[in-house]
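The values are calculated or read from the model by the stated rules, or taken from the named source; none is laboratory data. All values derive from a computational prediction rather than experimental measurement. Cβ sites come from the backbone with ideal geometry, for glycine too, and all protein chains shown count toward neighbours. Note: accessible area is taken over every heavy atom of the protein model, side chains too, but ligands, DNA and RNA are not part of it. Shrake-Rupley method; radii C 1.70, N 1.55, O 1.52, S 1.80 Å.
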Amino acid sequence: MFCAHSLRQGLSFSSLTAIFEPTLLPQAGGKSLHDYFARVAKHHRLDFQAVEWTEAEDPGERDDTFYVTHLREPVDRSLSNFKYSGRWSCKNLTKLRSKQFVPTEDNAQKIETWTHTSGHFPTTCNNGFWLGNCAVNCYTQWFAGSLACPASNASTLDQYQVAKERLLRYNFVVIVEKLNDRKYVDAVERFFGVRGANTAALAYCQKSSMMANAMVPLHFENETLEQLRRLNQVDINLYREISDCLESGHNALPKWDPSRFDVGASMQVQILHEDEQKDTHRNVNVSLIVVPPLQPQTILTITKARSHKLTPISPNTIDDTQYTLRINTWRRNEQLIISLNHHSKCEGVHEIQVIWCDTENSPPTEILHHSSGKVKIEFHEVNSLNERFNAVEGTPTLGVLSLDDDVLRPCDALDAAFVRWMRHPERIVGFDARMHHVIENNSTNTSPADSTRWKYGFVEKSNEYSITLPSKAAFIHREYLDIYTKALPRSIYRYVADNFQCEDIAMSYLVSSVTLGKPPLIADYWAVNSFTTIYSRENISWKHGHLNQRDGCVTDFAELLGLKEGPKAKESGLELYPLQPGKMLHNANSFFGYGSEPEDWMSVDPLSLSCPRLQLLVKELQRLQSLTGREMRQTEEWLVAMKTDASAEAKAAGLVKGSAEWKLRWWWNCMIDLNTDERSRDCFADAQSFVSGEGSFFVCDITESQLHYSGSEWVAASPPKGTGLHEYVAYRGDPPCSANGQCLGCSSPTEEVVCSVKINPEDCSVEGRHIA
C-alpha cells in the first residue's frame with residue numbers, strides 16, 4: 001500500500017480497480033479521483049472498474065489488478081456528507097434551480113440526529129451497506145463489509161481488524177487532505193505518469209447542495225462536533241494508522257516506471273450509477289477521445305516557443321484553400337445546430353470539430369450525424385475552457401478558426417479573414433478587439449515594477465487595442481494550439497481550468513508573447529460587423545465578478561508571459577517584450593482598413609492565391625474598395641445581404657434578439673402589468689399602498705434576476721415559455737439597481753418580503769399568490 005513502498009516488485013498490472021465515495025470533497029474527493037484514475041487507466045490502456053458507495057471486491061483477489069481507494073479525516077467526511085445529502089435529499093436539491101424546492105431550516109434534517117451508523121437512522125443492511133447514508137465509523141463499516149451489519153453480531157474490534165487488514169492490501173490509498181499539498185500531488189502524478197490528480201470535479205447534486213447550504217448556512221454547537229468525534233473514534237484510529245507515515249511530510253513515492261502496467265487492448269468501465277439499483281453494475285464502452293497527459297519531457301518554455309518555426313503554408317494544398325472550424329459548446333444544442341447548419345455550407349470549411357466536454361449528456365443525433373458530413377464530435381473528459389485549444393486528434397489543416405456556438409459569420413467574411421491570416425500565419429487574426437487600460441497604483445507600498453495594474457475593457461477614445469477574442473472568432477495556426485497546451489505557464493492554465501475564465505485572453509497574449517509583443521491582427525471593418533449572435537438565455541458575461549476576474553487576467557497573464565513588467569515577470573525569467581497596442585480605426589469612414597497592419601486589397605494579386613473561390617472574393621473586395629461617394633452604398637447593401645442570409649435560420653427560430661420572431665418567442669408570451677392586472681394587482685397595488693410613506697419599495701423577478709419596479713416606473717411581466725414558473729416578489733427597501741431590467745441584485749434580495757406571485761408562462765396563469 002502506498003504510503004509508500006509495498007508495491008509487489010517485478011509484477012505489472014493490466015487492470016485498475018478504484019473504490020470511491022463520489023461526494024467526498026468538493027475540490028478533491030471521490031468524483032475528482034474517479035475522473036483522474038479513469039484517465040490513468042485510459043492512458044495506460046488498462047481495464048478499469050470503479051465501485052462507488054457499495055462494498056467492493058476484496059483487494060488482492062486478482063494478481064494483475066492494481067487496487068486504489070481513498071481516506072478522508074472521518075469527522076470532516078461525516079460533516080461533508082451531511083451537507084451534501086444529509087440535510088436535504090439530492091432528489092429535492094435537483095429541483096432547486098427550477099424553484100420547485102426552496103431549502104429552509106424547517107425542511108432540513110438536523111445535524112443533531114446525524115449520529116447513527118447510517119446518518120439519521122441506524123443501519124439495517126437489509127440491502128447491503130450503503131456508504132452514501134453513513135455518518136459514524138463509515139470506513140470501518142465499508143471495509144469490514146458484511147461484518148458491519150447487526151445480523152453478523154461482530155464486535156467493533158473485529159470489524160476494525162478486518163477493515164485495517166483489507167486497507168493494507170490496497171496498492172494505493174490516497175489521503176484526501178494531502179491533495180492540498182503540492183509535493184504530495186506531484187509524487188502521485190509522478191507515480192502514475194499522468195497529471196491532474198487534484199483537478200476538481202463536481203458530484204451529482206453537489207452544485208445544488210452548495211447553493212442550498214449557502215442559502216441556509218449550517219450552524220451547530222461545539223458539543224455536537226465533540227459528539228461526532230466521540231462516535232467516530234474507531235474510524236479516527238483507523239485513519240491515523242493508515243496515514244501516519246505522511247505525518248512527517250514523507251512523499252517519497254516511486255517515480256513512473258514504464259513496466260508498471262501492461263498495455264491492454266480495449267477499455268471498459270464498470271461504474272455503479274447512483275440512479276440504478278445498488279447491487280447492479282453496467283459495462284460502458286468508452287469511445288471518448290481522452291486528453292493526453294502532459295509529461296515533463298513534452299513541456300515547452302515560452303523562450304523555446306518564441307524560437308519555434310511554424311510550418312509554412314504550401315501552395316496548391318488544402319492549407320491555402322480551406323480551414324478547420326473548432327466550435328466550443330456547452331448545453332446549447334439549438335444554437336449549436338443552427339451554427340453547424342450555416343457554417344457547414346461555407347466552402348472554406350473543411351471540417352468542423354465540436355468540442356464536447358459535457359460528460360453527463362450525449363450529443364443529439366442531428367449533431368452526432370450532421371447531414372453535411374463535415375461535423376466531427378471531439379469528446380473530452382475534462383470540462384475546462386482550455387479544451388478549446390486542445391485538438392486531441394489534431395486538425396487536417398494548418399488554419400484553425402476558433403468559434404463559440406452562438407456566433408454566426410457570413411462565409412465571405414470568414415474567407416476574407418482567412419486570406420488575411422494566410423498572409424500573416426504567425427499572427428492571430430480575430431474579429432473582436434479589446435484593450436488593456438493602464439491604471440496607476442498610487443500606493444506607497446508597491447515597488448516601481450508593480451506600480452501599475454491593467455484593466456480589461458473595450459476600445460475607447462484612445463483608438464487602441466491589444467487583445468482579440470478567439471471565443472468570438474479568430475484564425476490561428478494549428479501549432480499554437482499545441483504551444484498553448486505545452487508552453488502556457490501552468491499557473492495560467494490552472495486558473496483557466498479552475499475559474500472557467502480568460503482562455504481567450506491567454507491565447508491572445510500567448511501569440512503576442514511568441515511574436516515579441518505584437519498585437520493581434522483584426523479582420524476588415526465590414527467583416528467584424530458581419531456577425532449575428534444566436535440568442536441564448538445563459539451568458540457568462542452576466543455572472544457576478546466576470547469583469548473583475550478579467551481585470552486580474554490581463555495584468556497577471558501579461559507578467560507571466562513577459563508582456564509587462566512586474567514581480568511575476570521577474571520570477572519567470574523571460575526576456576521582456578512589452579505588449580504593443582495596435583491602432584484600431586485608420587479612417588473613420590473606412591469600410592475596410594481595421595486594426596494593426598490593415599489589409600489593402602488593391603495591393604493583393606488575386607492570382608497569388610491558388611483557390612478560384614478566394615481569387616473571386618479578392619476581386620470583389622477590390623471593386624468594393626474602389627467605390628466612392630454614393631456608390632459606397634453598395635458595400636452596405638452587400639454586407640446586409642450577407643448577414644441576412646447567414647442569420648436566416650436563427651431569425652426564423654426566434655433566436656435573433658430584437659426581431660419580430662424573437663419578440664414573439666421570448667417577449668410577447670405573456671404581458672402582465674403587475675400593478676393593474678386583476679390577477680396580481682391585489683398583491684402589488686395593495687403592497688405599494690401598504691409601504692407608501694414608510695420607505696422604499698421594489699419588485700424583482702427572482703427567477704431571472706430582473707427588476708420590474710425601481711420606485712418610479714413599472715415594467716410588465718413577460719416570462720418566456722419553457723422557463724418554468726417565474727416568481728415576482730415585492731420587497732420593502734431600496735432597489736438593488738438604479739434602473740429596471742437585468743439586475744444581479746434581484747437574484748437573492750435580503751430585504752423584507754411584502755408579497756409575491758408566480759406566473760406560468762405556458763398559459764399566463766397567475767399562481768401561488770402570497771401576501772405577507
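The set of residues in the stretch 612-664 that are within 23 Å of residue 421 (Cα to Cα), over 32 Å from the mean Cα position of the chain (by Cα) and charged (D, E, K, R) comprises 613, 619, 620, 623. Say we look at the stretch 352-367 and pick out the residues that are part of a loop (DSSP other than H, G, I, E, B) and surrounded by 12 or more Cβ atoms within 10 Å (Cβ to Cβ); which of these is modelled with the lowest pLDDT? Here the residue is 359.
Consider the stretch 154-184 and keep the residues that are β-branched (Val, Ile, Thr) and assigned to a helix (DSSP H, G or I). The one that is least open to solvent (accessible area, probe 1.4 Å) is 176. Only one of (1) under 28 Å from residue 64 (Cα atoms); (2) at pLDDT 80 or above; (3) open to solvent by less than 30 Å² (accessible area, probe 1.4 Å) fails for residue 131. Which number is that? Failing condition for residue 131: (2). When restricted to residues that are touching a Phe, Trp or Tyr at 6+ places or on another chain (Cβ under 9 Å) and more than 14 Å from residue 427 (Cβ to Cβ), the stretch 462-482 contains 5. Residue check: is residue 686 open to solvent by 80 Å² or more (accessible area, probe 1.4 Å) and modelled with pLDDT of 85 or more? Here the answer is no, as residue 686 does not meet what is asked. Scanning the stretch 185-237 for residues that are of a type in the set (S, T, N, Q), buried (at least 17 other Cβ atoms within 10 Å of the Cβ) and over 30 Å from residue 105 (Cβ atoms) returns 198, 199. Can you find even one residue in the stretch 368-382 that is assigned to a helix (DSSP H, G or I), open to solvent by less than 40 Å² (accessible area, probe 1.4 Å) and among the hydrophobic types (A, V, I, L, M, F, W, C)? Within the stretch 368-382, none of the residues are assigned to a helix (DSSP H, G or I), open to solvent by less than 40 Å² (accessible area, probe 1.4 Å) and among the hydrophobic types (A, V, I, L, M, F, W, C). No other residue among 756, 712, 738, 748 is of a type outside the set (Val, Ile, Thr), open to solvent by less than 30 Å² (accessible area, probe 1.4 Å) and out of contact with any Cys (no Cβ under 6 Å at 6 or more places or on another chain) apart from 756.
Within the stretch 22-62, the set of residues being modelled with pLDDT under 75, over 20 Å from residue 144 (Cα atoms) and in contact with a Pro (Cβ under 6 Å, 6 or more places away or on another chain) comprises 31 only.
In the stretch 88-113, of all residues being more than 26 Å from residue 704 (Cβ to Cβ) and without any contact (Cβ under 8 Å) to a residue 40 or more places away in the chain, the one that is most open to solvent (accessible area, probe 1.4 Å) corresponds to 106. Is at least one residue of the stretch 669-677 in contact with a Ser or Thr (Cβ under 8 Å, 6 or more places away or on another chain), crowded, with 18+ Cβ neighbours inside 10 Å and assigned to a helix (DSSP H, G or I)? Within the stretch 669-677, none of the residues are in contact with a Ser or Thr (Cβ under 8 Å, 6 or more places away or on another chain), crowded, with 18+ Cβ neighbours inside 10 Å and assigned to a helix (DSSP H, G or I). A single member of 117, 123 is touching a helix residue (DSSP H, G or I) at 6+ places or on another chain (Cβ under 8 Å), surrounded by fewer than 23 Cβ atoms within 10 Å (Cβ to Cβ), more than 27 Å from residue 32 (Cα to Cα) and at pLDDT below 80, and it is 123. The condition of being in a loop (DSSP other than H, G, I, E, B) and farther than 24 Å from residue 330 by Cα holds for only one of 427, 420, that being 427. Considering 490, 478, 494, the condition of being farther than 21 Å from residue 657 by Cβ, at pLDDT 95 or above and open to solvent by 10 Å² or more (accessible area, probe 1.4 Å) is satisfied by 478 alone.
Once the stretch 299-351 is narrowed to residues that are small (Gly, Ala, Ser) and surrounded by 14 or more Cβ atoms within 10 Å (Cβ to Cβ), the residue that is modelled with the lowest pLDDT is 305.
Whenever a residue of the stretch 486-510 is polar (S, T, N, Q), its partners that are not in a helix (DSSP H, G or I), lying with C-beta atoms within less than 6 angstrom and at least six residues away or across chains, give the pairs 508/467; 508/468; 508/520. Can we say residue 240 is touching a helix residue (DSSP H, G or I) at 6+ places or on another chain (Cβ under 6 Å), open to solvent by 70 Å² or more (accessible area, probe 1.4 Å) and at pLDDT 85 or above? Judged against the criteria, residue 240 is not a match.
Within the option set 404, 432, 412, being charged (D, E, K, R), within 29 Å of residue 39 (Cα to Cα) and open to solvent by 10 Å² or more (accessible area, probe 1.4 Å) holds for one residue only, 404. Of all residues in the stretch 583-612, those satisfying the criterion of being open to solvent by less than 50 Å² (accessible area, probe 1.4 Å) and closer than 19 Å to residue 319 by Cα are 604, 606, 609, 610, 611. Evaluation of residue 425 against the conditions (1) touching a strand residue (DSSP E or B) at 6+ places or on another chain (Cβ under 6 Å); (2) more than 21 Å from residue 513 (Cβ to Cβ); (3) open to solvent by 10 Å² or more (accessible area, probe 1.4 Å) shows that the sole unmet condition is (2). Within the option set 563, 574, 547, 579, being at pLDDT below 85, in a loop (DSSP other than H, G, I, E, B), within 31 Å of the chain's Cα centre (by Cα) and not small (Gly, Ala, Ser) holds for one residue only, 574. Kindly check whether there is at least one residue in the stretch 596-611 that is in contact (Cβ under 8 Å) with a residue 40 or more places away in the chain, β-branched (Val, Ile, Thr) and in contact with a Ser or Thr (Cβ under 6 Å, 6 or more places away or on another chain). No; the residues of the stretch 596-611 include none that is in contact (Cβ under 8 Å) with a residue 40 or more places away in the chain, β-branched (Val, Ile, Thr) and in contact with a Ser or Thr (Cβ under 6 Å, 6 or more places away or on another chain).
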